[in-house]
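Read through the structure below, which is laid out as structure tokens, and then see the notes.
The values are calculated or read from the model by the stated rules, or taken from the named source; none is laboratory data. Predicted, not measured: the structure shown is a model, and the values here were computed from it. Here the Cβ positions follow ideal geometry from the backbone for every residue, glycine too, while neighbour counts run over all protein chains shown. Only protein heavy atoms, including side chains, enter the accessible area calculation; ligands, DNA and RNA are left aside. Shrake-Rupley method; radii C 1.70, N 1.55, O 1.52, S 1.80 Å.
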Amino acid sequence: METIFFKGTPCHTYGNIPAVGTKAPCFNLVAKDLSEVKCSDFEGKRVVLNIFPSLDTPVCAASVRRFNQEAANLDNTVVVCVSMDLPFAMGRFCTTEGLENVVVASAFRSPMFSQKYGLQIVDGPLAGLLARAVIVMDENHDIIFSDLVEEITNEPDYKAAIKVLKS
């Protein structure tokens, strides 16, 4: 169990975020067109998981915009933006914003994702949603960067995640 904060109030997650140096758990999420988004879709590619509570918040929306911008400059890398938002809302957001460099994937019917990644919030006002985190995997799906944002209302450390991909 991890402790994070929502506007200073402690909240907890279902488990622990996977550590650097471990193999990333496989996932099966839902794309904006209701097709599956699976870890096997990205074989041989580096993967950035941008995980957050909901696109309906300014900080979450900002993280998707920023990673969309950064993804355009990264070789052999896919950015997967994951939340509990419905796939339709995620697709509408990307269309409205003109975001084409990220893959949006809903965990709304994938309880194993939140359990394997230890990121489901279990108490507090955001219980049931995902915590804010960034996980970067190499081509073999080994985790090379893992950051659970302590205060949910803060943006992730984009520079640190991108630095790992550029080294």
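Structure notes:
- Top-ranked residue in region 76-102 [being small (Gly, Ala, Ser) and open to solvent by 20 Å² or more (accessible area, probe 1.4 Å); ranked as nearest to Leu148 (Cα to Cα)]: Ala89
- Ala31 being open to solvent by less than 30 Å² (accessible area, probe 1.4 Å), over 14 Å from Arg109 (Cα atoms) and of a type in the set (A, V, I, L, M, F, W, C): no
- Exactly one residue among Ala131, Ala161, Ala105 is out of contact with any Pro (no Cβ under 9 Å at 6 or more places or on another chain) and among the aliphatic types (A, V, I, L, M), and that residue is Ala161.
- For region 117-134, the candidate set comprises residues that are part of a loop (DSSP other than H, G, I, E, B) and of a type outside the set (Gly, Ala, Ser); within that set, the residue that is surrounded by the fewest Cβ atoms within 10 Å (Cβ to Cβ) is Pro125.
- Odd one out for Ile144 among (1) hydrophobic (A, V, I, L, M, F, W, C); (2) within 23 Å of Ala19 (Cα to Cα); (3) touching a Phe, Trp or Tyr at 6+ places or on another chain (Cβ under 8 Å): (3)
- Residue pairs meeting the criteria (Cβ under 7 Å; at least 6 apart or on separate chains; first touching a residue at least 12 places away in the same chain (Cβ under 8 Å) and of a type in the set (Phe, Trp, Tyr), in region 39-68; second surrounded by 21 or more Cβ atoms within 10 Å (Cβ to Cβ) and assigned to a helix (DSSP H, G or I)): Phe52/Cys60; Phe52/Ser63
- The set of residues in region 103-116 being open to solvent by 20 Å² or more (accessible area, probe 1.4 Å) and under 15 Å from the mean Cα position of the chain (by Cα) consists of Val103, Phe108, Pro111, Met112, Gln115, Lys116.
- Residue match in region 111-123 (condition: modelled with pLDDT under 85 and under 26 Å from His12 (Cα atoms)): yes
- Looking across region 47-70, the residues that are farther than 20 Å from Gln115 by Cβ and open to solvent by less than 10 Å² (accessible area, probe 1.4 Å) come down to Val48, Cys60, Ala61, Ser63, Val64, Phe67.
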